[in-house]
Amino acid sequence: MSSPKIVNGPGGYILQDVPHLIDYLPDLPTYQNPLKDNPAYSVVKQYFVDTEDTVPEKIIVHKDGPRGIHFRRAGPRQKVYFESDEVHACIVTCGGLCPGLNTVIREIVSSLSHMYGVKRILGIDGGYRGFYAKNTIPLTSKVVNDIHKRGGTILGTSRGGHDTKKIVDSIQERGINQVYIIGGDGTQRGASKIFEEIRKRGLKVAVVGIPKTIDNDIPVIDRSFGFDTAVEEAQRAINAAHVEAESNENGIGFVKLMGRHSGFIAMYATLASRDVDCCLIPESPFYLEGEGGLFEYIEKRLKEHGHMVIVLAEGAGQEMMTKSMETNTLEDASGNKVLKDVGLWLSQSIKDHFKKIKMVMNLKYIDPTYMIRAIPSNAADNVYCTLLAQSAVHGAMAGYTGYTSGLVHGRQTYIPFYRITEKQNSVVITDRMWARLLSSTNQPSFLGPKHVSEENKETPPDGENCNGVVDIPQVTKE
Ligand SMILES: Nc1ncnc2c1ncn2[C@@H]1O[C@H](COP(=O)(O)OP(=O)(O)OP(=O)(O)O)[C@@H](O)[C@H]1O
Ligand SMILES: O=P(O)(O)OC[C@H]1O[C@](O)(CO)[C@@H](O)[C@@H]1O
Ligand SMILES: [Mg+2]
């Protein structure tokens, strides 16, 4: 592994910089950025980003505190390291689907061709394993013109099949010199390995990651593209659940949403809806029976309101469920644990409980899992995808490599791979956002006083991103 590029400055300033081609190819020639003569951009004041510009990771700092970690600001540079004719770019999409994938593909192609006059762009067919398959998809502005209106990815995607050496052999054999890799945490880990191998072989190839995750589980960045769309689409399922619940005696509308390890979709869908009475996420353990448990809360809610809506993230309550079943050892092709259906299990447990206490209850279970991610991105995500793609292209043209293009506090940045892959982003239940949700739904926290005081020791400073995993003790009712 190449060592991280760190630049220290006065006042505790730290730049976690990204690699550059000249780190290992010091004699590369530079060229004037063709954007200088582009009618759209030549009139923009200070269009080129100052190479000294950086973006702070944390925007809330104490008066006497250090300036902290910064990332390189994204955007076009005065000098580029590729001539237009020389560029042979490729784009690959890996992992699960996410709204906006086609928009990112479209905008990478448009940026390369319209801004930089690049003519050779290849789509890799079906994820990482497509690198060592025969088929590739030639991409032009015409081919991608309408694709942002469709869900999914026109390139296809897959899990598993990452073979670093075979992928880099294929890059080398095809004469590709810019690699755009769109995918989640696993994909970015794969991208980092490709970068290391390319660097080892001394190739003039820029490797760029574009973070994609419906679960919003990638750290550092503000949010991932498609997340907004997914939260919006989840409202349709929650609305249906609410209508069903309201129209039945002691009705419970029960919605399962995506979120293997991070409950962001469930949390934001709940906050957006206001019809949800209980949100259950993987980061916040809960229990069913006894005082302060889920069953007690449901009974109370039904007695008071006659109906309720529960939103559940797919990764919530997994430990509780596996206790009552045999251990789950299934993995998908990428090695991700395949989860059991907690929605079915929990809705059956609720039904069994109400049968036992002889209370009438009507539960309707809605599982819109794939429906929230297999749709085209909404307007906000489309704009976001455009900025991400343009920033990715500007960085590669400027010779940066081994980075993920990401939004940090509303600014486009270049983030070194190790910061993206070192941990997963998850909801911090001692952060204000979770407190806001609890006070909006009025649900129990399912944490005893002992756990709350332990949690408080870990509370991040006010207003900080919900980044980083905090270990929550397993809550069981004594
Ligand atoms: N540690 C790793 N090293 C190399 N390649 C990896 C690694 N982890 C995952 N990959 C590869 O990255 C691709 C995508 O990984 P994965 O299926 O975990 O999805 P992801 O990118 O995390 O997206 P998401 O989980 O949001 O759907 C797969 O082809 C997989 O083989
Ligand atoms: O069924 P697939 O395509 O593997 O994807 C399902 C998973 O992908 C994700 O959307 C992202 O990792 C998870 O929330 C979900 O469990
Ligand atoms: Mg993943």
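The values are calculated or read from the model by the stated rules, or taken from the named source; none is laboratory data. Small disclaimer: the values here were computed from a predicted structure and weren't measured. Neighbour counts run over all protein chains shown; Cβ positions are idealised from the backbone, glycine included. When the accessible area is computed, the model is the full protein with side chains, heavy atoms only, and any ligands, DNA or RNA have been set aside. Shrake-Rupley method; radii C 1.70, N 1.55, O 1.52, S 1.80 Å.
Summary table below
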quantity	calculated
Members of the stretch 304-322 that are assigned to a strand (DSSP E or B) and either within 16 Å of ligand 1 (Cβ to nearest atom) or of a type in the set (Asp, Glu) (or both)	Ala313
Residues (more than 16 Å from ligand 3 (Cβ to nearest atom) and either in contact with a His (Cβ under 8 Å, 6 or more places away or on another chain) or open to solvent by 40 Å² or more (accessible area, probe 1.4 Å) (or both)) located in the stretch 308-319	Val309, Glu319
Residues of the stretch 20-58 classified as within 19 Å of Ser391 (Cβ to Cβ) and surrounded by 14 or more Cβ atoms within 10 Å (Cβ to Cβ), total	14
In the stretch 240-276, the residues that are part of a loop (DSSP other than H, G, I, E, B) and either within 16 Å of ligand 3 (Cβ to nearest atom) or surrounded by fewer than 24 Cβ atoms within 10 Å (Cβ to Cβ) (or both)	Asn248, Glu249, Asn250, Met258, Gly259, Arg260, His261, Ser262, Gly263, Arg274, Asp275
Test: Gly68 is out of contact with any Cys (no Cβ under 6 Å at 6 or more places or on another chain), on the phi > 0 side of the Ramachandran plot and open to solvent by 30 Å² or more (accessible area, probe 1.4 Å)	no
Odd one out for Ser158 among (1) assigned to a loop (DSSP other than H, G, I, E, B); (2) of a type outside the set (A, V, I, L, M); (3) in contact with a His (Cβ under 9 Å, 6 or more places away or on another chain)	(3)
Near pairs, Cβ below 6 angstrom, 6+ apart or cross-chain, from the stretch 293-321 (within 18 Å of Glu246 (Cβ to Cβ)) to any residue that is open to solvent by 10 Å² or more (accessible area, probe 1.4 Å) and of a type outside the set (A, V, I, L, M, F, W, C)	Arg301/Asp277; Leu302/Asn250; His307/Glu246; Met308/Asp277; Met308/Arg301; Val309/His242; Val309/Asp275; Val309/Asp277
Residue list for the stretch 170-215, restricted to those being touching a Pro at 6+ places or on another chain (Cβ under 9 Å), open to solvent by 30 Å² or more (accessible area, probe 1.4 Å) and within 16 Å of ligand 2 (Cβ to nearest atom)	Asp185
Residue within the stretch 82-94 that is surrounded by 15 or more Cβ atoms within 10 Å (Cβ to Cβ) and acidic (Asp, Glu) present	no
Number of positions in the stretch 331-353 that are away from ligand 3 (no atom under 16 Å from the Cβ) and either in contact (Cβ under 8 Å) with a residue 12 or more places away in the chain or under 26 Å from the mean Cα position of the chain (by Cα) (or both)	12
Tally of residues being part of a strand (DSSP E or B) and near ligand 1 (Cβ under 6 Å from one of its atoms) across the stretch 179-214	1
Matching option when the condition is out of contact with any Phe, Trp or Tyr (no Cβ under 7 Å at 6 or more places or on another chain), closer than 22 Å to Pro76 by Cβ and free of Cβ contacts under 8 Å to residues at least 40 places away in the same chain, among Asp17, Asp27, Asp37	Asp37
Thr386 in contact with a helix residue (DSSP H, G or I) (Cβ under 8 Å, 6 or more places away or on another chain), open to solvent by 10 Å² or more (accessible area, probe 1.4 Å) and assigned by the TED database to the domain that holds Ser84	yes
